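Okay, so here's the structure we're looking at.
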Amino acid sequence: MLINNFKYPIKAISSGTRLCHLLIDLFVIYQMIYCFKLFGLYQLNTLFSILIVPIYYIVFEYVYQVTPGKSFTKTIVIDHEGNKPRFWIIVLRTFCRFIPFDAFSYFDNSSYGWHDRWSKTYVVYKEDHSKIKAMLLAEKGLS
């Protein structure tokens, strides 16, 4: 299946791949929380537990364009023009994840959740991203 509303024809990632991202990222987050408990920082645990998820996604997706889960599946987060998303776009994307029933937005077979739609971001395979960058360079006459 192709991503319908993207400028270039690229393959959409599957809902199963999205689920894989979620499971790996939750595992990493829970390990971080466990380490806080392990080192006796239990007093900070509640605050840390609340803040870790947004910090985790914002840091990984803004700095690296991937989380550990996305890295495992060789996918990357891009904006609607195929570039690295700006900081505030990643912040919006992250906080849209907390909208109730966001997970159900994947059931329409598009693999394009609400946090993607509202932030105008895409998760694509890295090999497709390379193709997009080549198309952009060709459009600008820089290939």
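The numbers here are math on the coordinates, done by the rules we state, and not lab data. Given the structure is predicted, the values throughout are model-derived calculations rather than measurements. FYI the Cβ positions are ideal-geometry reconstructions off the backbone, even for glycines, and counts take in every protein chain you see.
Things to note:
- Applying 1/(1 + (r/R0)^6) with R0 = 41 Å to the Cβ-Cβ distance of H80 and S49 gives a FRET efficiency near 0.80.
- Once the Cα-Cα distance is subtracted from the 0.36 nm per residue extended length, the S15 to E139 segment shows a gain of 41.5 nm.
- Packing, taken as the mean count of other beta carbons within 10 Å per residue, orders the peptides 57-65, 115-123 from highest to lowest as 115-123, 57-65.
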